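See structure below.
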Amino acid sequence: HHHSIKRLLVTINKNFFQDQGYVVVEKLIEQDEVSLLLADYKLMVSGEIPMKGFDGLITKVSEQNNKVVQIGNPSDQYTRWRQYSYFQRSLEFAKLLMGEDMEYKYDQIIYKPPYNSAETAWHQDGGYWEEGGGKYRNAVTCWLALTPAFLENGGMKFIPRSHMGEIKVHQPLGNEKGINESLGILDVDETTAVTNLLFAGDASFHHSRILHGANANNTQLPRCALITHFEARD
């Protein structure tokens, strides 16, 4: 009986995801795991555990610098994270939502400190993957909140159903405030945008073609996100 309820919930999640392009999974991980990950995470973004960005440079920052910190492939650099349940659970959900051929591709940390003006421009993940016709690859991202995430502290904004459309032209935005290589989409109709309230341990999964972005963090709460990307095998 329990299993049939679980199957039903999975079907609802999958249907919502296919229709809207994203879905929230509450309590992807338990609070004790959140605490362990967050303790490591804080050491990483403060520079106490030396970690590299995607540019290969060691992150030399302290939280006092009030900079957005982006770390490339944290679970490659700090392999014990792969023993945590988030690593397997996020993969299981990716397979549920987009098919059994989904596999782990890479992960990243994007840390937004309190009162930081950096916004994440509207973009599609596929907009960054030109090589080998990559932009139309089937891919899904797990965005795991290790602290509460909501509109005012830089939680994710989605344009529902935009994953049905094409990959739009991503332009250099020429602002130093943004992240994601400062590429983005300029003309986005935000009237239908949604932001979900995520508590620590909750995750959202989003399709590689959905339009999404994030506001600046205008609160005293840090926004600690652990982001894992999955895509279909070639």
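Miscellaneous remarks
- Only one of the numbered conditions (1) among the aliphatic types (A, V, I, L, M); (2) modelled with pLDDT of 95 or more; (3) farther than 28 Å from Lys14 by Cα is violated by Leu197, and that is (3).
- Taking segment 101-115 as the range and being outside any loop (DSSP other than H, G, I, E, B) and open to solvent by 20 Å² or more (accessible area, probe 1.4 Å) as the test, the residues that pass are Glu103, Tyr104, Lys105, Tyr106.
- Breaking point among (1) modelled with pLDDT of 95 or more; (2) open to solvent by 40 Å² or more (accessible area, probe 1.4 Å); (3) β-branched (Val, Ile, Thr); (4) more than 14 Å from the chain's Cα centre (by Cα), for Val169: (1)
- Single residue of segment 57-88 satisfying the filter (part of a strand (DSSP E or B) and within 20 Å of the chain's Cα centre (by Cα)) that is nearest to Leu221 (Cα to Cα): Val69
- Hits in segment 41-96 (condition: over 30 Å from Asn13 (Cβ atoms) and of a type in the set (Asp, Glu)): Glu48, Asp55, Glu63
- The number of residues in segment 1-43 being surrounded by 15 or more Cβ atoms within 10 Å (Cβ to Cβ) and either within 14 Å of Leu198 (Cα to Cα) or of a type in the set (Val, Ile, Thr) (or both) comes to 7.
- Filter result for Phe54 (among the aromatic types (Phe, Trp, Tyr) and either closer than 19 Å to Gln77 by Cα or open to solvent by 50 Å² or more (accessible area, probe 1.4 Å) (or both)): yes
- Residue that is most open to solvent (accessible area, probe 1.4 Å) [pool: residues in segment 57-79 that are out of contact with any strand residue (DSSP E or B) (no Cβ under 8 Å at 6 or more places or on another chain) and modelled with pLDDT under 95]: Lys60
- Looking across segment 21-56, the residues that are outside any helix (DSSP H, G or I), of a type outside the set (Lys, Arg) and out of contact with any strand residue (DSSP E or B) (no Cβ under 7 Å at 6 or more places or on another chain) come down to Glu26, Ile29, Glu30, Gly47, Glu48, Ile49, Asp55, Gly56.
- Within segment 100-119, residues that are at positive phi sit with their Cβ atoms under 8 Å from residues that are surrounded by fewer than 21 Cβ atoms within 10 Å (Cβ to Cβ) and at pLDDT below 95, at 6+ positions apart or across chains, in these pairs: Tyr115/Asn66.
The values are calculated or read from the model by the stated rules, or taken from the named source; none is laboratory data. Bear in mind the structure is a predicted one, so any value in this text is a computation, not a measurement. Using ideal geometry, Cβ is built from the backbone for each residue, glycine included, and neighbour counts are taken over all protein chains shown. Keep in mind that these areas ignore ligands, DNA and RNA; they rest on the heavy atoms of the full protein, side chains included. Shrake-Rupley method; radii C 1.70, N 1.55, O 1.52, S 1.80 Å.
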